[in-house]
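Following: one structure in structure tokens, then a few remarks.
The values are calculated or read from the model by the stated rules, or taken from the named source; none is laboratory data. Just so we're clear, the structure is a prediction, and the values are computed from it rather than from any experiment. Methodologically, a virtual Cβ is constructed for each residue, glycine included, from the backbone with ideal geometry; neighbour enumeration extends over all protein chains shown.
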């Protein structure tokens, strides 16, 4: 759901996930780690929306292919990275999430 299209009043009683809520127990989410490690975040303006959208994609469609990642993120514009690093970071996070799930952590 795009926050710019929803009134705060409409969120009463609903769960709202922001980029600040992605991490758990003081640790960054694998998406946040991958974005930092791979230079997927430049100015940071679009990053929160991309991270939350990517998390929703990975939650709903594990594991997405590059075209599905591109489609899911198409609603968020980035003028700095050219998207390649963003797609690579989502793919890297997907691997890390899968490894964590298999390790039981």
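Table for the structure above
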item: Residue in the stretch 29-37 that is in a loop (DSSP other than H, G, I, E, B) and farther than 18 Å from residue 95 by Cα present; result: no
item: Subset of the stretch 43-73 (residues that are exposed (fewer than 12 other Cβ atoms within 10 Å of the Cβ), modelled with pLDDT of 95 or more and not in a helix (DSSP H, G or I)); result: 65
item: Sole exception among (1) assigned to a loop (DSSP other than H, G, I, E, B); (2) within 12 Å of the chain's Cα centre (by Cα) for residue 89, by number; result: (1)
item: Yes/no for residue 52 being over 13 Å from the mean Cα position of the chain (by Cα) and without any contact (Cβ under 8 Å) to a residue 60 or more places away in the chain; result: no
item: Residue pairs meeting the criteria (Cβ under 9 Å; at least 6 apart or on separate chains; first farther than 21 Å from residue 33 by Cβ, in the stretch 66-89; second at pLDDT below 95 and part of a loop (DSSP other than H, G, I, E, B)); result: 68/61; 70/83; 75/2; 77/46; 79/42; 79/43; 79/45; 79/46
item: Residue 69 vs. criteria closer than 17 Å to residue 1 by Cβ and within 13 Å of the chain's Cα centre (by Cα); result: no
